[in-house]
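The values are calculated or read from the model by the stated rules, or taken from the named source; none is laboratory data. Here the structure is a predicted model, which is why all the values come from computation and not from measurement. Glycine gets a Cβ as well: all are built from the backbone with ideal geometry, and neighbour counts include every protein chain shown.
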């Protein structure tokens, strides 16, 4: 059983996924810090409050913390945009470059010229 687990864990896909999860967690922390420390104060300047996370509405006994929700939406949009850029970059790098069109062989070129000449003669008569 240990041998099977060792084979499973040493496969490239599992290791790549683990690295992606670790980097994703670190990236999420960076984006959260960006949102909390730079974006929220900037938005707060325009709405008159410096901390969006504390925005809330109370209706009866229920409290709706829409500021925390806005923080989560901003975090999601930043992460989604960065992932979009990464996928776009990877697609651009991995996409095979179109081959340059090869010049037509001389026989085809000659036949095309003859066809065009015959067409011109028949229309000029």
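Quick notes
- Which listed residue, of 90, 74, is over 18 Å from residue 32 (Cα atoms) and out of contact with any strand residue (DSSP E or B) (no Cβ under 8 Å at 6 or more places or on another chain): 90
- Residue pairs meeting the criteria (Cβ under 6 Å; at least 6 apart or on separate chains; first over 15 Å from residue 75 (Cα atoms), in region 39-53; second at pLDDT 80 or above and part of a helix (DSSP H, G or I)): 50/41
- The residues of region 86-107 that are surrounded by 10 or more Cβ atoms within 10 Å (Cβ to Cβ) and either touching a helix residue (DSSP H, G or I) at 6+ places or on another chain (Cβ under 6 Å) or modelled with pLDDT of 85 or more (or both), listed by number, are 88, 89.
- The one condition from (1) part of a helix (DSSP H, G or I); (2) over 24 Å from residue 79 (Cα atoms); (3) at pLDDT below 80 that residue 3 does not meet is (3).
- Checklist (1) exposed (fewer than 12 other Cβ atoms within 10 Å of the Cβ); (2) modelled with pLDDT of 80 or more; (3) more than 24 Å from the chain's Cα centre (by Cα) applied to residue 68, failing item: (1)
- One residue alone among 50, 42 is part of a loop (DSSP other than H, G, I, E, B), over 30 Å from residue 20 (Cβ atoms) and at pLDDT below 85, and that residue is 50.
- Set side by side, the residues 48, 24 differ, and just one is closer than 30 Å to residue 5 by Cα and either under 35 Å from the mean Cα position of the chain (by Cα) or surrounded by 10 or more Cβ atoms within 10 Å (Cβ to Cβ) (or both), which is 24.
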